[in-house]
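Asker: First, the structure itself, so that you have it in front of you.
The values are calculated or read from the model by the stated rules, or taken from the named source; none is laboratory data. Because the structure is predicted, anything quoted here is derived from the model rather than measured. We place every Cβ from the backbone using ideal geometry, glycine too, and count neighbours over all the protein chains shown.
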Amino acid sequence: MSTVENLFSFIKKSPSPFHAVAEISNILKENGFAELSESEMWNLKKEGKYFVTRNSSSLIAFALPQNFSPKNGFLLTASHSDSPVFKIKENPEIASAGSLVLNVEKYGGMLIQPWFDRPLSVAGRVVVRKNENGKSFLRQILVNIDRNLLMIPNLAIHMNREANEGHKIDVQNEIRPVLTLNEKKNLFSLVAESAGLSESDIISHDLFLYNRSHPSLWGAENEFISSPKLDDLECAYSTLQGFLAATSKSISENPLPLYCLFDNEEVGSSSRQGADSTFLSDTLSRIAEKLDWTDEEYKIALSKSLMLSADNAHAVHPNYVSSADPVNRPKVNGGIVIKFNAAQKYTSDALSSAVFKEVCKKAGVPFQIYTNNSNVPGGSTLGNISQNHVSISCVDIGLAQWAMHSPYESAGAKDLDFMIRAVGEFYKGSVTVN
């Protein structure tokens, strides 16, 4: 399959952050990576390849070089597993006008209108009670009801003549996906059936709506891609491929490569599995300890390190050109975007961006620059948040896309390969700052 087709396959298998991490875990295992547990002792070997997860929704993978000095430092990429969606509340069923609808709430800042009138379903995880040998324990099980299950129908134009003149959506009362006409039905009976469980075994859940529309290629020359969750599964996938290419052979004395995937970026990252947690610092310090580094050597390694914070960027929109900066206007299929912000919402500076520009040149990959329209404040991403716990030089990058935070986003088909090639070159450690 082509790179784009592989991306589409990955996204289809990743309807929730839990599924994304499970799929990446499988890919890593297929490429010789061994899984570690935060709750067990680590036995690391030279040239070993490992990964560890937290909350089943964040993941860090790394490969140990044969000969490694703290002066080589770490090379990291960071992306995120979550996207703006609707989370299903506790006790979700509501009977209304002969139908059973679900009670949901916003997760992240999203474009709400595109969620209407499209097939939806439910994915995430449930925690169930299991009994074996006279003992009771709790177990997490991933759930994906893999069929068109729900819809949020729009109100007809005849009943809302001002619908096209601006309408503030009442999330509590208007975003209630319809499940069935049978008010005696129960969402969790369907969840249990899908997962091969008994409904009475389900104790709790983290379940989300997801868009059932398939990813697609389009355009006069098939130059565009559209899909759910391009922000940020496109970067999660492409940085993973660059990481696997770099670690497919024995690493002699290069910097130590790490691949990081964090959850909860869309809601501020302030969770135990987010970029604002200790997950990265805990992992790095445990690696240093197993390598018998002193605390000073560990700090030397951090000072020699560089992170690519990979989160998709806004492309200039052909119908809303004035919303972009007048000069720095990334285009889809124009290459990797380097993001700058004076308020440090993005961490790119002269040094870190210079390194990445040189990396792109070595890889034969085009790059372009993004800055916000000065009248339109932008959001922050992983780099500056993770720096609260691990102080590492960082450059913010991404792939240009339209309709960010829509349930169906669009980007350029060529940019995916650009990112994979540049990340593979980055992990070689061929460009450094003295």
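Asker: Exactly one of these conditions fails for residue 216: (1) surrounded by fewer than 16 Cβ atoms within 10 Å (Cβ to Cβ); (2) within 21 Å of residue 70 (Cβ to Cβ). Give me its number.
Answerer: Failing condition for residue 216: (2).
Asker: Give 204, 198, 194 a once-over and let me know the one that is of a type in the set (S, T, N, Q), more than 28 Å from the chain's Cα centre (by Cα) and within 30 Å of residue 137 (Cα to Cα).
Answerer: That would be 198, the only listed residue that is of a type in the set (S, T, N, Q), more than 28 Å from the chain's Cα centre (by Cα) and within 30 Å of residue 137 (Cα to Cα).
Asker: If you don't mind, there's one more thing I want to ask. Between a first residue in the range 395-416 that is crowded, with 23+ Cβ neighbours inside 10 Å and a second residue that is assigned to a strand (DSSP E or B) and among the basic types (Lys, Arg), which pairs have beta carbons less than 6 Å apart while being 6 or more apart in sequence or on different chains?
Answerer: Pairs found: 396/339.
Asker: If you don't mind, another one. Kindly provide the set of residues from the range 8-22 that are in contact with a helix residue (DSSP H, G or I) (Cβ under 6 Å, 6 or more places away or on another chain) and either assigned by TED's automatic domain parsing to the domain that holds residue 142 or part of a helix (DSSP H, G or I) (or both), ordered by number.
Answerer: Those that are in contact with a helix residue (DSSP H, G or I) (Cβ under 6 Å, 6 or more places away or on another chain) and either assigned by TED's automatic domain parsing to the domain that holds residue 142 or part of a helix (DSSP H, G or I) (or both): 10, 11.
Asker: I'd like to know if the range 311-326 contains one or more residues that are closer than 20 Å to residue 74 by Cα, modelled with pLDDT of 95 or more and not in a loop (DSSP other than H, G, I, E, B).
Answerer: no
Asker: For the range 171-184, indicate whether the set of residues that are touching a helix residue (DSSP H, G or I) at 6+ places or on another chain (Cβ under 8 Å) and more than 30 Å from residue 360 (Cα to Cα) is non-empty.
Answerer: yes
Asker: Does residue 146 meet the test of being within 30 Å of the chain's Cα centre (by Cα), free of Cβ contacts under 8 Å to residues at least 60 places away in the same chain and within 21 Å of residue 186 (Cβ to Cβ)?
Answerer: yes
Asker: Need a quick list: strands (runs of 3 or more DSSP E) entirely within the range 56-165 having at least 1 residues that are touching a strand residue (DSSP E or B) at 6+ places or on another chain (Cβ under 9 Å) and surrounded by fewer than 20 Cβ atoms within 10 Å (Cβ to Cβ).
Answerer: Values: elements: 58-63, 74-80, 85-96, 99-107, 120-132, 135-144.
Because the criterion is at least 1 residues that are touching a strand residue (DSSP E or B) at 6+ places or on another chain (Cβ under 9 Å) and surrounded by fewer than 20 Cβ atoms within 10 Å (Cβ to Cβ), the strands (runs of 3 or more DSSP E) in the range 56-165 that meet it are 85-96, 99-107, 120-132, 135-144.
Asker: Could you check the range 392-410 and list, in sequence order, the residues that are among the hydrophobic types (A, V, I, L, M, F, W, C), within 16 Å of the chain's Cα centre (by Cα) and not in a loop (DSSP other than H, G, I, E, B)?
Answerer: Scanning the range 392-410 gives 397, 400.
Asker: Any idea how many residues of the range 228-258 are among the polar types (S, T, N, Q) and closer than 15 Å to residue 23 by Cβ?
Answerer: 3
Asker: Consider residue 256 against the criteria (1) farther than 30 Å from residue 178 by Cα; (2) at pLDDT below 95; (3) under 16 Å from the mean Cα position of the chain (by Cα): it satisfies all of them except one. Which criterion is unmet?
Answerer: Only one criterion is unmet by residue 256, namely (3).
Asker: OK, next. Looking at 134, 196, 166, 124 in this structure, which one is modelled with pLDDT of 95 or more and small (Gly, Ala, Ser)? Quick ask: steps written out before the conclusion?
Answerer: Values: 134 fails: modelled with pLDDT of 95 or more; 196 fails: modelled with pLDDT of 95 or more; 166 fails: modelled with pLDDT of 95 or more.
One residue alone meets the criteria, 124.
Asker: Quick one: is residue 388 surrounded by 20 or more Cβ atoms within 10 Å (Cβ to Cβ), part of a loop (DSSP other than H, G, I, E, B) and either assigned by TED's automatic domain parsing to the domain that holds residue 239 or in contact with a Gly (Cβ under 7 Å, 6 or more places away or on another chain) (or both)? Before you say what the answer is, go through the steps one by one.
Answerer: Details: surrounded by 20 or more Cβ atoms within 10 Å (Cβ to Cβ): no; part of a loop (DSSP other than H, G, I, E, B): yes; either assigned by TED's automatic domain parsing to the domain that holds residue 239 or in contact with a Gly (Cβ under 7 Å, 6 or more places away or on another chain) (or both): yes.
Judged against the criteria, residue 388 is not a match.
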